[in-house]
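Chemist: Structure below; questions to follow.
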Amino acid sequence: MIGVCILGATGSIGDSTLDVVARHLDDYRVVALTANTQVDKMLKLCQRFKPDYAVMASTQAAELLEQQLKESAIATKVISGVDGLEYVAALPEVDYVMAAIVGAAGLVPTLAAARAGKRVLLANKEALVMSGKLFMDEVHHSGAELLPIDSEHNAIFQSMPVDFSRGLAETGVRRILLTASGGPFRTKTLDQLQNVTPEQAIAHPNWVMGRKISVDSASMMNKGLELIEACWLFDAKPDQVQVVVHPESIIHSMVEYVDGSVISQMGNPDMRIPIAHAMAWPQRMDSGDKGMNIFEVAQLNFEKPDEQRFPCLRLAREAIEAGGTSPAALNAANEVAVDAFLDNRLPFLAIPKVIEQTLEQRTNRVADSLDVIFDEDKQARVLAAQLVSQLS
Ligand code: NAD
Ligand code: MG
């Protein structure tokens, strides 16, 4: 039996992961589930999957859950806080850790899983964006297996030569074509983008996802974060990654080789596919997806990204090119700006402004320790919050 820990079990990726796990209970056992504050949902998951541990981010939520589990006579042990998250991510009985907490909050436990040499199923792209080299060094040092869950990176992984870790040039890879749906605002003019609402932004045409990543998809910061993620995962230079807008979300990304061959992975936009792939790898297993109807798909379209309307893509490229703590600052400012937008405190078009000005107002540093990265994260959040109040 493979022991599984799901960080962020109550979210959208958590749902899809548990759906896949539930199809293979002879092979996988849920050892630990974690959530922020959703006690009711966690209670239901504990009743269904009987994990050894449930971790709630807040102590108050943990106390409530503990009481309710006792009433339901379920033996799941409840712990709380970041220490609890780190603890379950590194348990000896855990083999695979699904890193599906949203945002910077996922960095510490995801890093703990990498340090403990687990198979890390990485959905939490913000963790890698923030800590880049530090994270990859931990993976190489501990021998952890890092498997991308982000659909594009999972597709790239599937399309790469098996020995890609020897280097892209050495293994005949010319470039990566990172696909983007273009989000709900792909065809909107700058003028129309001025008054878009959070409800419009989170209504993604192809994917059902959490609120934060949905806004990131609408602003194309999601693709910016994914560009940085691809650079670290595949040791690629930013100019080796070409973003391609592909509105159907059927091709999930492509790898172009020096002989001109282009290999891609296709499938329905269903996160259970990359999740099942990464859990079963190098084997295959049923994900629950019914398969693609190619006749219904009928057409695949491709467009160049428009950085005039979607400047977040440029900001992310500049941040990875600048290196150091710039990607951490970019991520922090984005989290603050997206929160403010979701709260109706900031217009949509001010999101890139907050990020750009935050990046300009700080000094880049070498990202050689977690302390420096968290300090950058904190400072960028303060700067971004000030900018939000000026720009709202
Ligand atoms: P979500 O908002 O649906 O779920 C987030 C999860 O994180 C929840 O379980 C929540 O309880 C937990 N969480 C939030 N804040 C926390 C905190 N401070 N401490 C501890 N736990 C906390 O988000 P999601 O859509 O499932 O996305 C999760 C991650 O996966 C993100 O990094 C996202 O970019 C990435 N991702 C998601 C998708 C998708 O289809 N949803 C696709 C690719 C990548
Ligand atoms: Mg993605």
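The values are calculated or read from the model by the stated rules, or taken from the named source; none is laboratory data. No experiment lies behind these values; they were computed from the predicted model shown. Neighbour counts run over all protein chains shown; Cβ positions are idealised from the backbone, glycine included. Only protein heavy atoms, including side chains, enter the accessible area calculation; ligands, DNA and RNA are left aside. Shrake-Rupley method; radii C 1.70, N 1.55, O 1.52, S 1.80 Å.
Chemist: Quick check on this structure: which one of Leu168, Leu190 is more than 16 Å from ligand 2 (Cβ to nearest atom) and open to solvent by 20 Å² or more (accessible area, probe 1.4 Å)?
Modeler: After applying the criteria, what remains is Leu190.
Chemist: State all residues of the stretch 76-85 that are more than 12 Å from Leu33 (Cα to Cα) and in contact (Cβ under 8 Å) with a residue 24 or more places away in the chain; if no residue qualifies, say none.
Modeler: Gly81, Val82, listed by residue number.
Chemist: Go through the residues of the stretch 271-279 one by one and say whether even a single one is over 29 Å from Arg29 (Cβ atoms) and buried (at least 17 other Cβ atoms within 10 Å of the Cβ).
Modeler: no
Chemist: Sort out which residues of the stretch 23-37 are polar (S, T, N, Q) and either over 20 Å from Tyr87 (Cα atoms) or outside any loop (DSSP other than H, G, I, E, B) (or both), and write them in order of number.
Modeler: Across the stretch 23-37, the qualifying residue is only Thr34.
Chemist: Of all the residues that make up the stretch 91-116, how many are under 20 Å from the mean Cα position of the chain (by Cα) and open to solvent by less than 40 Å² (accessible area, probe 1.4 Å)?
Modeler: Residues that pass the stated criteria total 17.
Chemist: May I pose another question? Can you tell me which of Ala105, Ala127, Ala116, Ala123 is modelled with pLDDT of 95 or more, under 26 Å from Ile176 (Cα atoms) and more than 14 Å from ligand 2 (Cβ to nearest atom)?
Modeler: Answer to the check: Ala127.
Chemist: Could you go through the stretch 71-92 and let me know if any residue there is closer than 30 Å to Glu248 by Cβ, assigned to a helix (DSSP H, G or I) and either of a type in the set (Ser, Thr, Tyr) or within 16 Å of ligand 2 (Cβ to nearest atom) (or both).
Modeler: no
Chemist: Which residue is nearest to Lys125 (Cα to Cα), if the candidates are limited to the stretch 40-57 and must be open to solvent by 10 Å² or more (accessible area, probe 1.4 Å) and under 23 Å from the mean Cα position of the chain (by Cα)?
Modeler: Ala57
Chemist: Another question about this same structure. Only one of (1) buried (at least 20 other Cβ atoms within 10 Å of the Cβ); (2) within 20 Å of Phe135 (Cα to Cα); (3) over 18 Å from the mean Cα position of the chain (by Cα) fails for Ala322. Which number is that?
Modeler: Ala322 satisfies all of (1) buried (at least 20 other Cβ atoms within 10 Å of the Cβ); (2) within 20 Å of Phe135 (Cα to Cα); (3) over 18 Å from the mean Cα position of the chain (by Cα) except (1).
Chemist: Which number in (1) more than 24 Å from the chain's Cα centre (by Cα); (2) within 19 Å of Glu86 (Cα to Cα) marks the one condition that Gly8 misses?
Modeler: Going through the list (1) more than 24 Å from the chain's Cα centre (by Cα); (2) within 19 Å of Glu86 (Cα to Cα), Gly8 breaks only (1).
Chemist: Over 18 Å from Asp306 (Cα atoms), of a type in the set (Val, Ile, Thr) and more than 13 Å from ligand 1 (Cβ to nearest atom), is that true of Ile176?
Modeler: yes
Chemist: Still on this structure, please answer the following. Can you find a residue that is away from ligand 1 (no atom under 13 Å from the Cβ) and in a helix (DSSP H, G or I) anywhere in the stretch 98-106?
Modeler: No: the stretch 98-106 contains no residue that is away from ligand 1 (no atom under 13 Å from the Cβ) and in a helix (DSSP H, G or I).
Chemist: Could you tell me which of the residues Thr34, Thr10 is open to solvent by less than 60 Å² (accessible area, probe 1.4 Å), within 7 Å of ligand 1 (Cβ to nearest atom), touching a Pro at 6+ places or on another chain (Cβ under 8 Å) and in contact (Cβ under 8 Å) with a residue 12 or more places away in the chain?
Modeler: It is Thr34.
Chemist: Just checking, does the stretch 211-234 include any residue being among the basic types (Lys, Arg), over 17 Å from Pro184 (Cβ atoms) and open to solvent by 10 Å² or more (accessible area, probe 1.4 Å)?
Modeler: no
Chemist: Let me ask another. Could you look through the stretch 199-236, keep only residues that are of a type in the set (Asp, Glu) and more than 9 Å from ligand 1 (Cβ to nearest atom), and pick out the one that is farthest from the chain's Cα centre (by Cα)?
Modeler: Ranking the qualifying residues of the stretch 199-236, first place goes to Glu199.
Chemist: Of all the helices (runs of 4 or more DSSP H) wholly in the stretch 288-357, which have at least 3 residues that are touching a residue at least 12 places away in the same chain (Cβ under 8 Å)?
Modeler: 312-322, 326-342
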